[in-house]
Amino acid sequence: VLDDGVQYLPELRDGIHELVTRLYRWNGAAGTDTIERRLTVSVQSDVRILRVFNYPNPFRRETEFTFVLTGNSAPDEVHVRIFTIAGRKIREIVVPHHSLQVGFNRVMWDGRDEEGDEIANGYYLYQVQVRGDGVERSAIEKLVKLK
């Protein structure tokens, strides 16, 4: 919304779109000044988890799980589960709806298990699971703990 109340609210279908905005201003004898801005947007109405990473990886004390959520609205909740390589779940973090958004999200983890103990050095797996709009999606990645 600009100062004079002009707004553009396009309804875009799924896919990649380029939005171009051009502003013109008459500058007297010098002619017209022009400013152009381009914005590429990706519209995806179905629920997905994209670009799942944790940083830093390897980590010493704590790490941050990051991911991009797509869809028409934020999901009901997200579960981040951390497992040993043997498949034993050592921690589950539940992220409620009010802490999520369509787009980029991050979840901090202190590197501790369900009992509050620091986990040992080694390789682990983590799963990011999303529930919303009647569907469930998940992604699995690996992380490394090093002191």
Set of aspartates and glutamates near Lys145 by C-alpha distance (under 18 Å), chain-local residues within fewer than 8 positions excluded: Glu62, Glu64, Glu92, Asp110, Asp113, Glu114, Glu115, Asp117, Glu118
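If the chain between Phe53 and Ala120 were fully stretched, how many nm would it gain, using 0.36 nm times the residue separation less the Cα-Cα distance?
Working: separation 67, 0.36 × 67 = 24.12 nm, distance 2.05 nm.
Working it through step by step, the gained length comes to 22.1 nm.
Loop only by DSSP, 16 or fewer other Cβ within 10 Å of the Cβ. Give me the GluC sites (Glu not before Pro) in segment 94-129 that pass, ordered by residue number. Mind dumping the intermediate values first?
Numbers: sites: Glu114, Glu115, Glu118; in loops: Glu114, Glu115.
For GluC sites (Glu not before Pro) across segment 94-129 that sit outside H, G, I, E and B with at most 16 neighbouring Cβ atoms in 10 Å, the list reads Glu114, Glu115.
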Debye intensity ratio in log₁₀ form over the Cα atoms of segment 28-81, taken at each q of 0.25, 0.26, 0.27, 0.28 Å⁻¹: -1.05, -1.08, -1.11, -1.14
Could you check the simple spin-label distance between Asp110 and Ala139, using points 7 Å along Cα→Cβ, in nm with one decimal? 2.7
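In terms of the Cα gyration tensor, with a ≥ b ≥ c the square roots of its eigenvalues, is the chain rounded because a/c is under 1.5, prolate because a/b exceeds b/c, or oblate? Please report the intermediate quantities before stating the final value.
Numbers: a/c = 3.42, a/b = 2.32, b/c = 1.47.
Prolate, since a/c reaches 1.5 and a/b exceeds b/c.
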Please calculate the 1.4 Å probe accessible area of Phe53, with all protein chains present, and give it to the nearest 10 Å². 120
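At a 1.4 Å probe, what is the % contribution of carbon and sulfur to the accessible area of the chain? Kindly include the intermediate steps, with their values, before the conclusion.
Values: 5010 of 10180 Å².
Carbon plus sulfur share of accessible area: 49 percent.
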Where the only charges are on Cβ atoms (+1 Lys, Arg; -1 Asp, Glu), what is the dipole of the chain about its Cα centre, to the nearest 20 debye? 580
I need the P(r) histogram for segment 99-147: all alpha carbon pairs, bin width 10 Å from 0 out to the longest distance, whole percents. 18, 45, 29, 8, 0
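Once the piece of chain linking His98 and Val20 is laid out straight, how much longer is it, given 0.36 nm per residue of separation minus the C-alpha distance between them?
The span from His98 to Val20 would gain 24.8 nm if fully extended.
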Over segment 53-147, average the accessible area per residue using a 1.4 Å probe and give it in Å², no decimals. 58
Within segment 5-34, list the chymotrypsin sites (Phe, Trp or Tyr not before Pro) lying in a DSSP loop whose Cβ has at most 11 other Cβ atoms in a 10 Å radius. Tyr8
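The values are calculated or read from the model by the stated rules, or taken from the named source; none is laboratory data. Being a predicted model, the structure only gives us computed values, none of them experimental. Heads up, the Cβs are rebuilt from the backbone with ideal geometry, glycines too, and the neighbour counts pull from every protein chain shown. Just the protein is used for accessible areas: all its heavy atoms, side chains included, with ligands, DNA and RNA removed. Shrake-Rupley method; radii C 1.70, N 1.55, O 1.52, S 1.80 Å.
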